[in-house]
Every structure is written in structure tokens, then in C-alpha cells.
Amino acid sequence: MNNIMYQMNLTFMNNIVLKAYDSEIKENTLILKFLKSDVTIEKLQEIFSIQDNYKTIYKTTTAGKLVCKFENYIKLISIVEAIENIPVKIEKEIPTNVEVTTEEGSITTSSQISIYEDINISTNMIIATLNYVSPIEQKLNKVSEKIFPTIDINTCTLDELKDYKQMQNKLALSDFLALHPLLWTDGEYYGVKQEDQMEMALDLSAYQIKKVINPEWKLEWHNIKKACREFTLQEYNALMSAIIDFVYPYRKLQENYKETIYNAATKESVLSIDLVYE
């Protein structure tokens, strides 16, 4: 009989328990090895398709004693089949002669004894490789998913793909404006994003209200790298007008892209739209 050594149990968050051959941590990588005779690759793919299943994995002995737990190894790198040489115990029977003394004299009888020998054999394995993701990075990823969601092109509807493409359209313009501030007549660069324009409009509105109550109230604004400085109302209006003139052609381009997106008849047509704001 062949006895494979180093068996353990792995319990997942969905209460599935699998017999595993070995586990190993190298830096930020967790390597789990399974005998192909114990589990199918399809079963492992099903378990590791949902991160919540393996956010915490409990490693126990076959008797159920907790050895350790693996936490936050939630980035699946691969699940592959491989052939590895692993140690097994081979039971061997060795013939032996036993001398038995009786009243009639000594009698020699033949018998066999069993011994175990350790050898290496080639075995079919399934190896799952996972990377560690810190809790802080997980939170940042969740925030990023809300701001920059992704979509499955194969399963989404045409309308869902159009909405996703329009969201990319808005983000593309926002990114472009963030990287291209306005060089104004005073030799300074000023932000031109939608947030900048809204903040300028709010500050102007606040100035007009406060000026009635306090004639000494100052109108101030800032460039992208310096603190606020005082502006005359004429200067402020001129800067706002320059920003509007700068942004307007790109706003029109965004609207043209939007119309093209929602007029598209197929997914291929939506995907072929290049959102270029240079």
C-alpha cells in the first residue's frame, strides 16, 4: 500500500473542506498543492472564483486540530496541473526464517514481515497560487471599483455597454483637463476642470453676497501651485471667461462622442469609438 505523507485539511469561508497535500508561503505568495485524485481543477476554479470564499483559509490536521490560517491571500494568480515527485511510504514484505524450539527439537519455518520504505513517485497535482493583498489595499481597490467600474463585454447588454462607454468619455475629458491647465495672461497656470469652474462660480457668488455686508471683503483665487491672491472683479471675470473659452471645444467634442456612442447599433461599433482629446 502507498501512503502519501503531509496530508492536511483546508476549510474555506463557504464551509467547504478539501484535503490538501501541502502549503507554502513565499514572500507574499501562498502556494496550495492538491492531489488530482482528491479534487478536480473545476472544483478549485469554482471555489476560487469568489474572493469571499478564500479571504480566510483554515489549515487543520486530518484530525481537525487548527494549525494556522491564511488571511488576505485573495489575488488568484493561477490554478494549474503539474506532475511532481513526492515522498510516499511503500509497504514491502520480506521473507524470513524463524527457528522454533519444540520437545522434538528445533524447527525452522518460513514467514514474512512487513516494512515501510520511503521513495519518491511522480504524482499528478493541482497547484493554486495566490498573492497577498493588504486590508488597506483592499479598501482602496473597493473605492477604485466604485470610481472606475469595469464591465464584462461578453455578458453586458448593448445599452449597458453604451452607458459604460459614456462614463469613460466623461473620465477621458476630466483626465485631459486635469493634465492641461490654462496658461493665462499673467504667466500663471490655472486649473480648468469642472470642479475648478464650479468653485470659481461659488466663490464669485459668495463675494457678491459678502460685499454687500462687508465692503472690505476681497475676491481671491489661486493658480495650480500657489496660494490665493486678490483679484479685481474685472480680472476674475476675464479669467473665468478664458477658462470657459478653453474648455468649450472639448465639451463640444465630448457631446459629439456621446451622440456617436448612443447612436451605435452594435457592441463592436461602441468599442471602436476612440475617445481622443488631444
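Observations on the model:
- Note on the stretch 184-199: residues that are in contact with a Leu (Cβ under 8 Å, 6 or more places away or on another chain) and part of a helix (DSSP H, G or I) total 1.
- A residue that is without any contact (Cβ under 8 Å) to a residue 40 or more places away in the chain, assigned to a loop (DSSP other than H, G, I, E, B) and in contact with a strand residue (DSSP E or B) (Cβ under 6 Å, 6 or more places away or on another chain) occurs nowhere in the stretch 259-272.
- Criterion (open to solvent by less than 60 Å² (accessible area, probe 1.4 Å), in a helix (DSSP H, G or I) and more than 30 Å from Thr266 (Cβ to Cβ)) met by exactly one of Met167, Met240: Met240
- Only one entry in Ile107, Ile136, Ile115 is within 26 Å of the chain's Cα centre (by Cα) and either part of a helix (DSSP H, G or I) or modelled with pLDDT under 90 (or both), namely Ile136.
- Among (1) open to solvent by 50 Å² or more (accessible area, probe 1.4 Å); (2) under 30 Å from Asn154 (Cβ atoms), the one test that Lys252 misses: (2)
- If you go through the stretch 193-221 and pick out every residue that is touching a helix residue (DSSP H, G or I) at 6+ places or on another chain (Cβ under 7 Å) and exposed (fewer than 13 other Cβ atoms within 10 Å of the Cβ), you end up with 0.
- Unique residue being farther than 30 Å from Ser49 by Cα and either in contact with a strand residue (DSSP E or B) (Cβ under 8 Å, 6 or more places away or on another chain) or in contact (Cβ under 8 Å) with a residue 60 or more places away in the chain (or both) when the list is Lys210, Lys170: Lys170
- Hits in the stretch 26-78 (condition: part of a loop (DSSP other than H, G, I, E, B), more than 13 Å from Ala128 (Cβ to Cβ) and under 15 Å from the mean Cα position of the chain (by Cα)): Asn28, Ile50, Lys55, Asn72
Rundown of residues vs (1) under 29 Å from Gln138 (Cα atoms); (2) of a type outside the set (Phe, Trp, Tyr); (3) at pLDDT below 95; (4) surrounded by 13 or more Cβ atoms within 10 Å (Cβ to Cβ), yes/no style:
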{"position": "Asn14", "(1), (2), (3), (4)": "yes, yes, yes, no"}
{"position": "Lys36", "(1), (2), (3), (4)": "no, yes, yes, yes"}
{"position": "Asp52", "(1), (2), (3), (4)": "yes, yes, yes, no"}
{"position": "Lys59", "(1), (2), (3), (4)": "yes, yes, yes, yes"}
{"position": "Gly64", "(1), (2), (3), (4)": "no, yes, yes, no"}
{"position": "Lys69", "(1), (2), (3), (4)": "yes, yes, yes, no"}
{"position": "Glu84", "(1), (2), (3), (4)": "no, yes, yes, yes"}
{"position": "Glu91", "(1), (2), (3), (4)": "no, yes, yes, no"}
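The values are calculated or read from the model by the stated rules, or taken from the named source; none is laboratory data. Predicted, not measured: the structure shown is a model, and the values here were computed from it. Cβ sites come from the backbone with ideal geometry, for glycine too, and all protein chains shown count toward neighbours. Just so you know, the surface numbers come from the protein's heavy atoms only, side chains and all, with ligands and any DNA or RNA stripped out. Shrake-Rupley method; radii C 1.70, N 1.55, O 1.52, S 1.80 Å.
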